[in-house]
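Below is one structure; the comments refer to it alone.
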Amino acid sequence: MEEFRTILECAQDEFTERKSRFIGHVSPVKDEEEALAFVAGIKQKYWDATHNVHAYILQNGMLKRYSDDGEPQGTAGIPVLDVLQKEKVTDVAVVVTRYFGGILLGAGGLVRAYSHGAKLALDAAGIVTKRLCYVIKLEFDYAMYGKISYILPQYQTLTLGSDFGAAVVLRVMMQACHYDRFVKDVTELSGGTIVPKLEEEVFSEKC
């Protein structure tokens, strides 16, 4: 997996439909344990709500779960899950809380309301694409600083840190797909005196 879509941060938004209050909550999650903890936290906070419907997708869409939480089957959990699938996001958990307002919405009305609650939460959180990136350490003499500084922008690198001591030490991050060409170019540019060190693999929206 080279990249995936997910959300930037936790968020919530709400609306009222025929006197029923719907509150959409969303959170990025790394695994099912985090997803279940998020759902449990919302249920605890909104313990007096009529329903706390949830859905989550994990591991690049391989794990999908949902719950109607007492709403008629197919009118709540599946519509929330469908929103996540249509937006093509993963590692995301959503809970749509409902306070019943006394007016029945019908099956179609429930589907639309829960879908809208999930979509509002996703829009509030902001959807981003995270790509596989490498964190790389470079150490070299000051004489090479100008040349290295010149080629770094060609790989859309993000500088994470720098140390100007006895030698220059840079920590940069770039998309993994650029790494092999970068190593080749740095090796040729420095005559083999600079050996990029791969320190970490991360998924990030910043590179």
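The values are calculated or read from the model by the stated rules, or taken from the named source; none is laboratory data. Nothing here was measured: the structure is a model prediction, and the numbers come from that model. When we count neighbours, we look across all protein chains shown, and the Cβ atoms used for this are built from the backbone with ideal geometry, even at glycine.
Listed by first and then second residue, the pairs linking a residue in the stretch 21-35 that is among the polar types (S, T, N, Q) to a residue that is outside any helix (DSSP H, G or I), with Cβ atoms under 6 Å apart and 6 or more places separating them unless they lie on different chains, are S27/C10; S27/A93.
For (1) of a type in the set (D, E, K, R); (2) modelled with pLDDT of 95 or more; (3) over 16 Å from C207 (Cα atoms), each residue gets a yes or a no:
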site	(1), (2), (3)
S115	no, yes, yes
A125	no, yes, yes
K130	yes, no, no
F140	no, no, yes
Y145	no, no, yes
Q154	no, no, no
L158	no, no, no
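Taking the stretch 1-55, which residues are at pLDDT 95 or above, within 14 Å of A124 (Cβ to Cβ) and of a type in the set (D, E, K, R)? Within the stretch 1-55, D13, E14 meet the criteria. Of everything in the stretch 145-176 that is outside any strand (DSSP E or B), in contact with a Leu (Cβ under 8 Å, 6 or more places away or on another chain) and touching a residue at least 40 places away in the same chain (Cβ under 8 Å), the residue that is surrounded by the fewest Cβ atoms within 10 Å (Cβ to Cβ) is K147. The residues on offer are L158, L170, and the sole one that is at negative phi and touching a Gly at 6+ places or on another chain (Cβ under 9 Å) is L170. In the stretch 134-143, is there at least one residue being touching a Ser or Thr at 6+ places or on another chain (Cβ under 6 Å) and part of a helix (DSSP H, G or I)? The answer is no; no qualifying residue exists.
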